[in-house]
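S.K.: Have a look at this one before I ask anything.
The values are calculated or read from the model by the stated rules, or taken from the named source; none is laboratory data. All of these numbers come straight from a predicted model, not from anything done at the bench. Cβ placement follows ideal geometry from the backbone for every residue including glycine, while neighbour counts extend to all protein chains displayed.
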Ligand SMILES: Nc1ncnc2c1ncn2[C@@H]1O[C@H](COP(=O)(O)OP(=O)(O)O)[C@@H](O)[C@H]1O
Ligand SMILES: [Mg+2]
């Protein structure tokens, strides 16, 4: 999956602050990339724009040659769920759901909970949580919670 941004800008708030200005970059398919910069410099904001979690104020983002700003909300939601795995700084696990249920949540949205059950278990085994499938998030350590979030990001077998 290739991601290309052209002169992307982002303004937020009232009065508006310019957070990002003219970001032009190309991430070719298969690229492994790290984005570094001081805290507050706009890394998260850029990732939200490149993945369709937020919309640009100016410029454009093309994912596999389709312009995210021309896609309908539903299309973007579908694109995110299927093509991109997200691991957030704050893990956003659902407190009432078990480890296994949290990992299967993106699959549940498409009625694929059963198909992906074995995959969920194998990913949880890879991240060392096979003995904690039925625990609730509050019964885990911070690092374990983060590993559940990684497993959840991989359950749809995303391109990115
Ligand atoms: N909703 C918002 N309203 C106003 N300013 C914001 C908002 N979200 C982020 N910012 C500001 O945008 C800048 C970039 O934030 P962010 O992309 O989260 O930085 P990073 O991930 O590099 O630490 C910061 O200065 C932050 O204070
Ligand atoms: Mg950040």
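S.K.: Output the residues belonging to the stretch 26-51 that are away from ligand 1 (no atom under 16 Å from the Cβ) and surrounded by 12 or more Cβ atoms within 10 Å (Cβ to Cβ).
M.R.: Within the stretch 26-51, 27 is the sole residue that qualifies.
S.K.: Show the residue pairs that are 6+ apart or on different chains and have beta-carbon atoms under 9 Å apart, the first residue being within the stretch 19-43 and free of Cβ contacts under 8 Å to residues at least 24 places away in the same chain, the second being part of a helix (DSSP H, G or I) and within 16 Å of ligand 2 (Cβ to nearest atom).
M.R.: That search, which allows pairs on different chains as well, returns 25/46; 25/50; 35/43; 35/46; 35/47; 36/43; 37/43.
S.K.: For the structure I just gave you, tell me whether residue 149 is assigned to a helix (DSSP H, G or I), within 13 Å of the chain's Cα centre (by Cα) and either modelled with pLDDT of 95 or more or surrounded by 17 or more Cβ atoms within 10 Å (Cβ to Cβ) (or both).
M.R.: In short, yes.
S.K.: Going by the conditions given, is residue 112 farther than 23 Å from residue 50 by Cβ and assigned to a loop (DSSP other than H, G, I, E, B)?
M.R.: Spelling it out, residue 112 is indeed farther than 23 Å from residue 50 by Cβ and assigned to a loop (DSSP other than H, G, I, E, B).
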